[in-house]
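S.K.: This structure is in C-alpha cells; I'll ask about it shortly.
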Amino acid sequence: MTQPIQIREFVVRLQEPLYPYQHMTRIQVRNLKTVAEVESGWMPAAALASQFFRSAFSKRNPLNIPGPFYGAETDTCETGIAEAPHNVLLDPLGQEFVFMQPRGADELQDIISAAICECFVGYGADGDDHWTLTLIREWWRSRLDLLALSTKTKGLAESRCRWERILSGEGEAYLREYAFLVENGRLSSDMDALPEI
C-alpha cells in the first residue's frame, strides 16, 4: 500500500447530464496540479461530499479500513463492487465497505462512481475528520476478527485476497502513515517518526 491520498489534491469534472448514469464514463478525476487554469468545469473533489456522500461516520461498517472514504448503511445491489472493484467489497450481509482506500486518480474516480450509484447515499467521504490515532489502533487490534469474516465477503477474488493480506499485516505501514496524516494534517516526510499502531 502507498501513502494516503489527500482529497484536496484532486479535482472532478462531471459530464452533463449526469443521469442516467453510465458507469465511470460520466466523471473525470485529475490531480489538481495537472489541470490548467483555462480548463473549465473542474471542481474540488471535496465539493462532491454534499452531493454524493453523507456524513455517517458513527454508522460506518466496521470492516472499512481507516481513511477518508467508508460505506455506511449502503444498499445491497452490489453496485459498489462493480464500480470500484479494487477498493470495495461486500460484507456477509451484502453491505458495501471500503477495504482499501484509493491510491490515485483512477481509484478515486471508482470510489466516486460507487457513491453515485449507491441509491441510499450510503458512502461517506469525511473519515479524515473523524479518525484518530486511538480509533485507528482499535481498528487494527480488531483485524483478526475481521480476518475471520474475510471468507464471507464478496467481490473480486484478487480483492478478497488483497483484503486478507492487508489484515494479515500488509496494512500496518499504510495505517501508520494515515495515523500521522490525521494527527498532523499533512503527509509524513523522511524526517518524521510515524506513530506505532
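S.K.: Can you find a residue in the range 56-63 that is more than 28 Å from residue 152 (Cα to Cα) and under 13 Å from the mean Cα position of the chain (by Cα)?
M.R.: Taking every residue of the range 56-63 in turn, none turns out to be more than 28 Å from residue 152 (Cα to Cα) and under 13 Å from the mean Cα position of the chain (by Cα).
S.K.: Within the range 164-194, can you find the residues that are over 16 Å from residue 140 (Cα atoms) and surrounded by 13 or more Cβ atoms within 10 Å (Cβ to Cβ)?
M.R.: 181, 183, 187, 188
S.K.: Report, by residue number, each residue of the range 88-120 that is over 20 Å from residue 31 (Cα atoms) and charged (D, E, K, R).
M.R.: Selection gives 91, 96, 118.
S.K.: Of the numbered conditions (1) touching a strand residue (DSSP E or B) at 6+ places or on another chain (Cβ under 8 Å); (2) among the aliphatic types (A, V, I, L, M); (3) in a helix (DSSP H, G or I), residue 135 satisfies every one except a single condition; which is it?
M.R.: Exception for residue 135: condition (1).
S.K.: Tell me yes or no: at least one residue of the range 153-163 is surrounded by 12 or more Cβ atoms within 10 Å (Cβ to Cβ), β-branched (Val, Ile, Thr) and assigned to a helix (DSSP H, G or I).
M.R.: So far as the range 153-163 goes, no, none of its residues is surrounded by 12 or more Cβ atoms within 10 Å (Cβ to Cβ), β-branched (Val, Ile, Thr) and assigned to a helix (DSSP H, G or I).
Coordinate-derived values only; no laboratory data. What you are looking at is a predicted structure, and each value in this text was computed from that prediction instead of being measured. In this analysis, Cβ positions are derived from the backbone assuming ideal geometry, glycine residues included, and neighbour counts consider all displayed protein chains.
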